[in-house]
1. Determine whether D131 is within 18 Å of the chain's Cα centre (by Cα), part of a helix (DSSP H, G or I) and surrounded by 20 or more Cβ atoms within 10 Å (Cβ to Cβ).
2. Give the residue that is modelled with the highest pLDDT, with candidates limited to residues of segment 47-99 that are farther than 24 Å from A139 by Cα and of a type in the set (K, R).
3. Could you identify the single residue in T120, T192, T182 that is at pLDDT 95 or above and among the hydroxyl-bearing types (S, T, Y)?
4. Can you name the residue in segment 75-118 that is of a type in the set (S, T, Y) and surrounded by 14 or more Cβ atoms within 10 Å (Cβ to Cβ) and is also farthest from T47 (Cα to Cα) among such residues?
5. Confirm whether V124 is in contact (Cβ under 8 Å) with a residue 40 or more places away in the chain, surrounded by 12 or more Cβ atoms within 10 Å (Cβ to Cβ) and under 16 Å from the mean Cα position of the chain (by Cα).
Amino acid sequence: MEWLILLIAVATVAYWLVARPNRSGPRPAYTDLSHLPPQFVVFDLETTGLDATRDEIIEFGAIRVNRDSDEHQTYQMLVKPSEKLSAKIVQLTGITQEMLNTDGQLIGEALEGFLDFAGTLPLVSFNAEFDMAFLHAAASRHGRTVANQCHARWRWLAVRGHGERAIGSWIWPRTGVSMPPTHTAHLRTHTTQ
């Protein structure tokens with residue numbers, strides 16, 4: 001896969017926020033993002049279910065955002081689960097057992113890659129409590145810890161007076177990744193109001 005689940009979520013949110021009528025007047029020509037850290041990692045996980053103590057991560061998707069640049073790095077890795085995917089998860093995520101068998105890595109390798117990619121940077125997730133529970137559980141099973149600060153949804157990124165609209169319209173055009181025809185994380189594309 002050449003695209004990241006997260007990019008689709010960001011694109012969907014950005015499109016929704018930019019395309020809807022602006023209730024607070026015209027958008028500013030320039031958005032001051034200086035209150036954001038110079039770098040942070042926006043990430044999303046796909047899993048085999050909702051219980052971090054029982055279910056498994058099947059995909060990592062992340063963007064290392066450079067606030068002052070149009071150059072951003074991405075990380076995407078499919079993960080082989082210990083059990084076969086259910087039809088419900090295949091339908092929800094668009095990830096098939098064949099994809100995982102062909103391109104998936106063991107969770108230890110994928111987790112190590114994600115943690116190396118994120119380093120000590122702040123993490124941002126649409127559903128931070130959910131994603132961090134799975135991240136902590138996987139790390140614990142592999143003798144690792146995740147000490148990064150994590151922020152939920154786009155509230156942390158909201159620009160005073162401009163909100164998520166400014167952030168989404170700033171990040172998406174700078175990623176340079178095409179939006180694929182399917183969306184594997186469509187249930188998490190809403191934003192915090």
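The values are calculated or read from the model by the stated rules, or taken from the named source; none is laboratory data. If you're wondering where the values come from, they're calculated on a predicted model, not measured in any experiment. When we count neighbours, we look across all protein chains shown, and the Cβ atoms used for this are built from the backbone with ideal geometry, even at glycine.
1. Answer is yes for this residue.
2. K88
3. Result of the check over T120, T192, T182: T120.
4. Within segment 75-118, the match that is farthest from T47 (Cα to Cα) is Y75.
5. So V124 fits the description; yes.
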